[in-house]
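Structure provided below as structure tokens; questions to follow.
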Amino acid sequence: MKTFSAQEVNQVLDFPTLINALDAGFKQAFGMPQRQVFALSTEPEKHDAFAVLPAWNEDVIGVKAFTYFPENGAQQLPTLFSKILLFNRSNGAPLAMIDGTTVTYWRTAAVSALASRYLARPESMRMLLLGAGNLALPLIAAHLAEHAIAHVAVCGRSECRWLSYRFVRQS
């Protein structure tokens, strides 16, 4: 079984390829039972959770498992830990374990850019991003890969800023 770290995921993915792959993938048949999210505390103010998200197609069985501990930030720890396991569909053999947190950032950003492919005006050059957390930079990069955006406004909890780019589209 191969293991892929966050660094290895970042080295092999690019947004133009990923956005197009997701576009093609969403048009294919797949199986995806309901995700299972388990609360890890009975205390109403605690939101710790463990989740399992299975999916498969003709070639691969996959499962993403993650933990969510929102209070980890106070201890300088990530609030989310995630792994993706892939298995051979024909015989069930394990194929890979992949850093799921990094894949989640890439996929979430790419799906957002893919949606904008169908919903945004082609001539749009400005983007408003609400939130300045871990997804902010991947979201901007994904949308820059899809559109000729020249200005991005990022609004976080305490302030909003306009960023300007000299965008050169690569074919």
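The values are calculated or read from the model by the stated rules, or taken from the named source; none is laboratory data. Here the structure is a predicted model, which means the values were calculated and not measured. Glycine gets a Cβ as well: all are built from the backbone with ideal geometry, and neighbour counts include every protein chain shown.
Among residues belonging to the range 116-132 that are surrounded by 13 or more Cβ atoms within 10 Å (Cβ to Cβ) and in a helix (DSSP H, G or I), point out the one that is farthest from the chain's Cα centre (by Cα).
The qualifying residue farthest from the chain's Cα centre (by Cα) is Arg117.
So Leu135 ticks every box in (1) within 26 Å of Lys64 (Cα to Cα); (2) surrounded by fewer than 13 Cβ atoms within 10 Å (Cβ to Cβ); (3) of a type outside the set (Gly, Ala, Ser) but one. Which box is left unticked?
Leu135 satisfies all of (1) within 26 Å of Lys64 (Cα to Cα); (2) surrounded by fewer than 13 Cβ atoms within 10 Å (Cβ to Cβ); (3) of a type outside the set (Gly, Ala, Ser) except (2).
Given Thr17, Thr42, Thr3, which one is in a loop (DSSP other than H, G, I, E, B) and among the β-branched types (Val, Ile, Thr)?
Working: Thr17 fails: in a loop (DSSP other than H, G, I, E, B); Thr3 fails: in a loop (DSSP other than H, G, I, E, B).
When all the criteria are applied, what remains is Thr42.
Within the range 56-84, take every residue that is of a type in the set (A, V, I, L, M) and within 16 Å of the chain's Cα centre (by Cα) and give me the one that is nearest to Lys27 (Cα to Cα).
Selected residue: Val63.
Give the residue that is surrounded by the fewest Cβ atoms within 10 Å (Cβ to Cβ), with candidates limited to residues of the range 93-108 that are touching a Phe, Trp or Tyr at 6+ places or on another chain (Cβ under 7 Å) and hydrophobic (A, V, I, L, M, F, W, C). Talk me through it step by step, then tell me what you get.
So the first thing to find is which residues in the range 93-108 are touching a Phe, Trp or Tyr at 6+ places or on another chain (Cβ under 7 Å), and the list is 93-96, 98-101.
Going one step further and asking which of them are hydrophobic (A, V, I, L, M, F, W, C), we end up with 93, 95-96, 98.
Values: Ala93: 9, Leu95: 16, Ala96: 14, Ile98: 22.
Looking at the filtered set, the residue picked out is Ala93.
So Glu8 passes all but one of these: (1) assigned to a strand (DSSP E or B); (2) closer than 20 Å to Pro94 by Cβ. Which condition number does it fail?
Every condition holds for Glu8 apart from (1).
Counting just the residues of the range 72-107 that are in a loop (DSSP other than H, G, I, E, B) and among the aliphatic types (A, V, I, L, M), which one comes out nearest to Leu135 (Cα to Cα)?
Per the criteria, the residue is Leu77.
Could you please give the count of residues in the range 52-86 that are within 15 Å of Gln34 (Cα to Cα), of a type in the set (A, V, I, L, M) and touching a helix residue (DSSP H, G or I) at 6+ places or on another chain (Cβ under 9 Å)?
Residues that pass the stated criteria total 1.
Only residues that are of a type outside the set (S, T, N, Q) and either in contact (Cβ under 8 Å) with a residue 60 or more places away in the chain or surrounded by 15 or more Cβ atoms within 10 Å (Cβ to Cβ) (or both): list them for the range 81-92, please. Explain how you work it out, then say what you get.
So the first thing to find is which residues in the range 81-92 are of a type outside the set (S, T, N, Q), and the list is 81, 83-87, 89, 92.
Across the range 81-92, the qualifying residues are Phe81, Lys83, Ile84, Leu85, Leu86, Phe87, Arg89.
Per-residue answers, yes or no, for (1) among the polar types (S, T, N, Q); (2) loosely packed, with under 14 Cβ neighbours inside 10 Å; (3) at pLDDT 95 or above:
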position	(1), (2), (3)
Phe15	no, no, yes
Gln36	yes, yes, yes
Ala65	no, no, yes
Glu71	no, yes, no
